[in-house]
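The values are calculated or read from the model by the stated rules, or taken from the named source; none is laboratory data. In this text the structure is predicted, and so the values were computed from the model without any measurement. With ideal geometry, Cβ positions are generated from the backbone for all residues, glycine too; neighbour counts draw on all protein chains shown. These area figures cover heavy atoms from the full protein model, side chains too; ligands, DNA and RNA do not enter into them. Shrake-Rupley method; radii C 1.70, N 1.55, O 1.52, S 1.80 Å.
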Amino acid sequence: MPTWDPGHQAMLEVTDLSVGYRGADVVHRVSFEVRAGETVALIGSNGAGKTTTLRALCGLLMPSSGRVRFAGQDVTGTATHRLSRRGMAYVPAERHLFPGMTVEENLVLGAYPDRADPARQESVFELFPTLRARRAQLAGTMSGGEQQMLAVARALMSAPRLLMLDEPTTGLAPVLAEAAYDALDRLSAEGMTILVSEQQVPLALRVADRGYVLEEGHIRLEGDATSLEHNPDVRRAYLGIG
Amino acid sequence: MLAVFFDGIVGGLQLGVLAVGLSLLYGLGGVLNLAHGALAVSAAIVASLAMDAGWPAVPAAVVGVLVAAAIGLGLDQTIMRPVYRLRGESRVLLSLLLTLGAAFAIDGLLGWRYPFGGLSLRIGGGPVTILGVRMRSGSLLASAIAITAIGALTWLLRRTRTGRAVRSVIQDEVGAQLVGINPGRVRTLIFTLSAALAGLVAITQSMTAPVSVSSGFSLTILALIVTVVGGLGSAPGALLAGLLLGIVNALSSFYIGTYITAIILLAAAALTILVRPAGLLGRAD
Amino acid sequence: MPGAGIGSGMSRVVVGDRSLGHRSVLSAYLPVAAVAVLLGFVPVVIGDSRTYMGLAITALTFGAYACGFNVIFGSTGQLFLCLGALAGVGGYGSALLADRADLPFLVTIPMAAAIAAVVGGVFSWISVRRSLGVIFTGIVTLTFSLGFGNLLLGQRDLTGGETGLLIAASQDTFLRDLVPAYYVFLGMLIGYLLLFRWLQRSHFGWAFRALRDDEMTAELAGIDVARFRVWAGLIGSAMLGLVGAIHAHHNGFINPTTFEFGRVDVRTLVILAFGGIGTLMGPVIGTVSFAVVDELIRDLRQLRIAVEGGILIVLFLGFRGGVGPAVVSLYHRFRARTGRTGS
């Protein structure tokens, strides 16, 4: 296995990635990277191709061309469950929790194939105290906000090296959306590498270190969060200003 | 009447064990294995061949069950591969067609090679009286084995990590993949287990009535009926439906007649589909 | 959510038909005429042999069954696993009406076919109303098939039970002689092929193709999927019932095994799958091939079930559209290749 040097190589390197459905590409030759410890936001409006990109990264979709490198290893097209075991955790917009299982059971499964580490479970509960209170509740009976928390918590149980989230604020009231990004902020401060796709640009840029703007399947802009926030095109298109 | 009722429970327990694998397999991948009965019969034939060769009953039965499991594994690795590559209705359709082909291939070969093949185990020991009803030792042993199998399966599904993995794939396959579970491996495990359970039921059935080489299709139909009534994908549903239909079967056969009984059981499945497709304990989505 | 629609997936699994394009009426029906002529000569060759004529008539019968299934499943993807039972409704229906109600068999045959049509139509209608997918339609029709068989066995006063029914109605008629009967069955098969071809080229065919390709889109385009499904069920079941009725009067004797699932449904499925589900000539290619195969494995008759199972597997693993269409496309590819290197 090639060794990976976090100092010189990004943890996640996406090169010329094209992804499509039924022969028609929706994402065209996008390239971006996420370095160890940083938080990167993939921003764009509905239909820009954010979800498609992320699904291709985590193996739920087969890219039509391009390459994905994780920690120095080529993982293009690798099966989802294998990527999960390698340390790539993905939280989809639909969450995909186990509705008939309790919060606790969902978390325990998050650590699969390892046994759930009680210390890790503790730290997850500290991040999301609401989950601790509801640990015996069936996931299917929880509200949207709670499910979102559980989905992130479950992903964290495997002590991932990279946490990818697709539009974590989907269906959440503004207060809960803020809370979600507060949690991500905390994780980022603790050193977690995060890739998050988001429509709600101000929230994402508040927490991210860098960002890429995706439009119609192409990357139009990239830069650090502050400069993106001040970019006039971004402000016009996504912040409703000017 | 109590005697008939008890007979129903004995039969019902075995119906449950027969159907549970089929039900789980549907829950895992949306596929129906029509070769289920053929797998059961192959266990019976192998066991009877072993006994003809002088083996004692227990090892012969074990070998029978193992062979059924092996054939099941073989089917999973061959004809089920292309099935799982498809999605939705195409997957269901292909699974029906390919497993139907396998059922006929296996049944046909067994019927051709052993036209008078079958298994009938005589269990020693006189009848035992329970609650005033005389039960044959064969029935009791069959029930005991079925209950043990149910217990073992419940422990597997509820208390082990593998079992939790199985349940997770049934509840949300994508979610299972996301946490690192390989759904294909889980399906292979359950297919093989399902075949083994089918084989086990053929053995236990032979303790109360002979199982012949031509029983394959009717066993599949029985399993299918129980699975549908219990709820496709629900293991507890299959067990409950098995018990209920076993009792109905016994009472109806005794008081009404074979053909009407068959019609009643078939109608139960049809009505379930028309009125409450989720079955007794299945998830209504 | 992107991905295969229900119908298109089904097409991928099973059907290998090609778009029909614009053809003159003559060229559209020419293959049927050719088949009629070819098969018409068969009795000239083997008319003296009772065995061979019997086999030929059986082949025609199954060809007709396959045509009926082609309309129900090939056109609209409804998995009816009660083909034998529908034929049995026709057979037993006509026999009982003729012998018990003293009606002339020429009347009871279409009557019984109509009853079968209604039964099939009801299944289609229920399946549409309750949105039963492939699996549930298959299971419900299968339970009907098995239930019908048990009904026949159980009601021995009416149906003769296991022993079966000797049919008096057509005892001294032309139907019982081999050569005339052959032509009756041939006429029926040709009629079915003509009907199928007509359906393909008609408004029905267009609707069938649309709803098979992508049911949701078809609905949105205004196609009443329900209506066409029920029509397909009605027509196909009528076809099956008619075969059953004519077979009953020709044979002079029927019992529950004549129409059982293992005997009729599986064979018909294999025949049509082999010849090409949804194609015009599928039933013919399939049933002729099987008549030949049957002769070849004559001494291993008991193996036939295993062989059918094996063929089913091979067919759906390899030749999704059927061997017939696979051969045809091979031919086209060969033509194209030699055309390119051309003279």
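For this structure, a couple of remarks:
- Estimated translational D of the protein assembly as shown in µm²/s (Stokes, Kirkwood radius over Cα pairs; 10 °C; 1.306 mPa s): 53
- Dipole axis of the protein assembly as shown (+1 Lys, Arg; -1 Asp, Glu on Cβ), positive-most option in C:Phe144, B:Ala238, C:Phe196: C:Phe196
- Computed over chain A with a Gaussian network model linking Cα atoms closer than 10 Å, the most mobile of A:Thr226, A:Thr76, A:Thr170 is A:Thr226.
- Two-site FRET efficiency, A:Arg236 against C:Glu219, from Cβ-Cβ distance with R₀ of 41 Å, rounded to 0.05: 0.50
- Annotation note: chymotrypsin sites (Phe, Trp or Tyr not before Pro) in the stretch C:250-284 located in DSSP loop regions with a Cβ neighbour count of at most 16 within 10 Å are absent.
- Per the Debye formula on identical point scatterers at the alpha carbon atoms of the stretch A:156-242, with no solvent, log10 I(q)/I(0) at q = 0.13, 0.19 Å⁻¹ is -0.44, -0.92.
- Among B:Ile225, B:Leu156, B:Leu2 - extreme Cα towards positive end, dipole of chain B, charges at beta-carbon: B:Leu156
- Virtual paramagnetic centre 7 Å along Cα→Cβ of B:Val275, amide N under 17 Å, in the stretch B:209-229: B:225-229
- One quarter of the convex hull surface built on the alpha carbon atoms of chain B amounts to 15.1 nm², the projected area averaged over directions.
- Neighbouring Cβ atoms from other chains, within 10 Å of the Cβ of residues in A:109-121, number 3 on average.
- Largest to smallest principal axis extent of the C-alpha atoms in the stretch C:49-260, angstrom: 55, 35, 29
- Shape metrics for the stretch B:172-280, restricted to C-alpha atoms - Rg then Dmax, Å: 16.4, 54
- Helices in chain C, meaning DSSP H runs of at least 4 residues, each add -39500 (n - 2.57). Divided by all residues, the mean residue ellipticity at 222 nm is -24000 deg cm²/dmol.
- Debye-sum result for the stretch B:86-172 in log10 I(q)/I(0), which assumes one identical scatterer on each alpha carbon, at q = 0.11, 0.12, 0.27 Å⁻¹: -0.71, -0.81, -1.13
- Inter-part distance where the stretch C:84-107 and the stretch A:1-67 are each reduced to a Cα centre, Å: 68
- Using only the C-alpha atoms, the convex hull of the stretch C:195-343 corresponds to 186 Å³ per residue.
- Dipole magnitude for chain A: computed about the Cα centre from +1 point charges on Lys and Arg Cβ and -1 point charges on Asp and Glu Cβ, it is near 500 debye.
- When only Cα pairs below 8 angstrom with a gap of at least 6 residues are kept, the stretch B:10-213 shows a relative contact order of 41 percent.
- Modelled label reach - B:Phe5, point 7 Å along Cα→Cβ, the stretch B:232-248 residues with backbone N closer than 20 Å: B:240-248
- Angle of helix C:50-69 to the longest C-alpha principal axis of chain C, folded into 0 to 90 degrees and rounded to 10: 60°.
- GNM flexibility winner over chain B from B:Leu49, B:Leu222, B:Leu197 (Cα, springs under 10 Å): B:Leu49
- Protein accessible area in the protein assembly as shown, 1.4 Å probe - carbon and sulfur %: 61
- Extended-chain gain in nm, criterion 0.36 nm per residue less alpha-carbon gap, A:Arg186 and A:Gln137: 15.1 nm
- Each Cα pair under 8 Å and six or more residues apart adds its separation to the average, and for chain A the resulting relative contact order is 26 percent.
- The magnitude of the dipole of the stretch C:49-260, with charges of +1 and -1 set on the Cβ of Lys/Arg and Asp/Glu and taken from the Cα centre, is near 300 debye.
- Filtered chymotrypsin sites (Phe, Trp or Tyr not before Pro), the stretch B:71-147: DSSP coil and at most 16 other beta carbons within 10 Å: B:Phe116
- Only Lys, Arg, Asp and Glu carry charge here, each on its Cβ (+1 for the first two, -1 for the last two); on that basis chain B has a dipole of about 540 debye about its Cα centre.
- Coordinate range along principal axes, alpha carbons of chain A, Å, largest first: 47, 46, 39
- Note on the stretch A:121-164: semi-axes of the ellipsoid equivalent to its C-alpha gyration tensor, largest first and rounded to whole Å, are 18, 12, 8.
- Per residue convex hull volume, Cα atoms of the stretch C:220-299, in Å³: 133
- Cα lying deepest toward the dipole's positive end in chain B, options B:Leu18, B:Gly37, B:Leu189, charges on Cβ: B:Leu189
- Length gained when the stretch B:Arg87-B:Ile260 is fully extended (0.36 nm per residue, less Cα-Cα span): 58.5 nm
- Degrees, to the nearest 10: C:178-201 long Cα axis against longest axis of chain C: 30
- In this structure, A:Ala119 and C:Arg129 have a Cβ-Cβ separation that, at R0 = 51 Å, corresponds to a calculated FRET efficiency of about 0.35.
- Potential extension, B:Arg185-B:Ala57 segment - 0.36 nm per residue separation minus Cα distance: 42.8 nm
- Inter-chain neighbour count for C:141-150: the average number of beta-carbon atoms from partner chains within 10 Å of each residue's beta-carbon is 6.
- Average silhouette area of the stretch C:124-182, convex hull of alpha-carbon atoms, in square nanometres: 6.7
- Label positions at C:Phe253 and C:Val25, each projected 7 Å from the Cα along the C-beta direction, are separated by 4.7 nm.
- For chain C: relative contact order, % (alpha-carbon pairs under 8 angstrom, 6 or more apart): 33
- Of all the options C:Ile135, C:Ile311, C:Ile285, the one that moves most in a Gaussian network model of chain C with Cα springs shorter than 10 angstrom is C:Ile135.
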